[in-house]
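See structure below.
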Amino acid sequence: MAVLSRRDVLGALTSVTASGLGVGSVRAEPAKKSLPRPPPPSKPKPLPLPKPRLIMIDPGHGGRDPGALGVRGTQEKSVVIAVARELQRELLAGGRYRVLLTRSSDSYVALRERVARAQEAKADLFLSLHADSHSDSDVRGASVYTLSEDATDREAAALAARENRADMVVSGVRLGDQSDVVARTLVAMSQRGTVNDSRKFADTIVQTFGKNGVRLLPRTHRQAGFAVLTSPDIPAALVEMGYLSNPQDEKLLTVRQHQQALARALRASVDAHFGAAVATRKA
Ligand code: ZN
């Protein structure tokens, strides 16, 4: 792929202006008696900087839904919002991302509403934070989920068939203007590409967690039909950061240092996902 450097583009812009092909010379101006003002010195416009990526952090549960309960009474909804806020700080500190939370307080937000908020904001990445629970209190460690193949196909069909698809835009195409078949194909294609990206992101999280000493569940990257992962065009992963049913995990998940370590590892995963691992800032 040919990549123009900023200097190439600036050079081209300057030479066009200098040779008198500027936009101003094309427009017909009404005749004026006064002498025409000399053209302003040609100053190439600065190229717009790339828009910072928008990361949508999704702290699970909230409000009347406490999520999993720890052996000592820790509520999942409080742990995940604490890590979400740490991660938000981490991501904003580098100045390279915009960050939104699907909920920023202890409020109940329906799963589909979380997806809708990410779609509406045109998020580049969706990261759902959870803590798990198991009947066996020995089970501990983190795991990362992406949307399963079955769920992906089901969701694509449902999305494409939905009567209110009129306003939905997938890969820049308004689904309302398309036939059923075209809409279904577009959604399925977009969903497939998105799921591939999601899986790469999930693998990156697993690797980063591993490198940073976060205890992992065996078969760390798993697939399931979580409704919150169903955006057709936003790569998404759900992280279960540990088990509240395990006393050690529960303790860790409430310790600020551990919450910060998780947030740092997640920020490094986001950096790596966007190919910026080299530029990570020393905390
Ligand atoms: Zn949960």
Footprinting exposure proxy for Phe274, Phe126 (fewest neighbouring C-beta atoms within 10 Å first): Phe274, Phe126
So if R0 is 35 Å, what FRET efficiency would Arg219 and Leu49 give, r being the distance between their Cβ atoms, rounded to the nearest 0.05? 0.30
Using label points projected 7 Å from each Cα along Cα→Cβ, tell me how many nm separate Gln248 and Met189, to one decimal. 4.9 nm
Taking the mean number of other Cβ atoms within 10 Å as a proxy for protection, how do you rank 76-84, 221-229 from highest to lowest? 76-84, 221-229
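What full-extension length gain, to one decimal in nm, is calculated for Arg85 and Asp150 as 0.36 nm per residue of separation minus the Cα-Cα distance? Display every interim value, and only then the final one.
Numbers: separation 65, 0.36 × 65 = 23.40 nm, distance 3.28 nm.
Value of the extension gain: 20.1 nm.
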For Lys122 and Val173, calculate 0.36 nm times their separation in residues minus their Cα-Cα distance, and state this gained length in nm to one decimal. 17.0 nm
The distance between the Cα centres of the range 230-251 and the range 120-147, in whole Å, is 2 Å
Using θ = phi - 60° and the Karplus form 6.51 cos²θ - 1.76 cosθ + 1.60, what ³J(HN,Hα) does each residue of the range 209-219 get, whole Hz, x for Gly and Pro? 4, x, 5, 9, x, 7, 5, 10, 6, x, 6
In what sequence, highest mean first, do 170-178, 261-269, 113-121 appear when ranked by Cβ atoms within 10 angstrom? 261-269, 113-121, 170-178
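Taking the mean number of other Cβ atoms within 10 Å as a proxy for protection, how do you rank 246-259, 139-152 from highest to lowest?
Details: 246-259: 17.2, 139-152: 20.1.
Packing proxy ranking, top to bottom: 139-152, 246-259.
Rounded to the nearest 20 Debye, what is the dipole magnitude of the range 53-276 about its Cα centre when Lys and Arg each give +1 and Asp and Glu each give -1 at the C-beta?
Values: 30 positive and 27 negative charges, 128 e Å.
It comes to approximately 620 debye.
FYI, it's all coordinate maths here, none of it is from the lab. Predicted model, so just to flag it, every value in this text is computed and none were measured. Here Cβ is always computed from backbone atoms with ideal geometry, including for glycine, and neighbour counts include all displayed protein chains.
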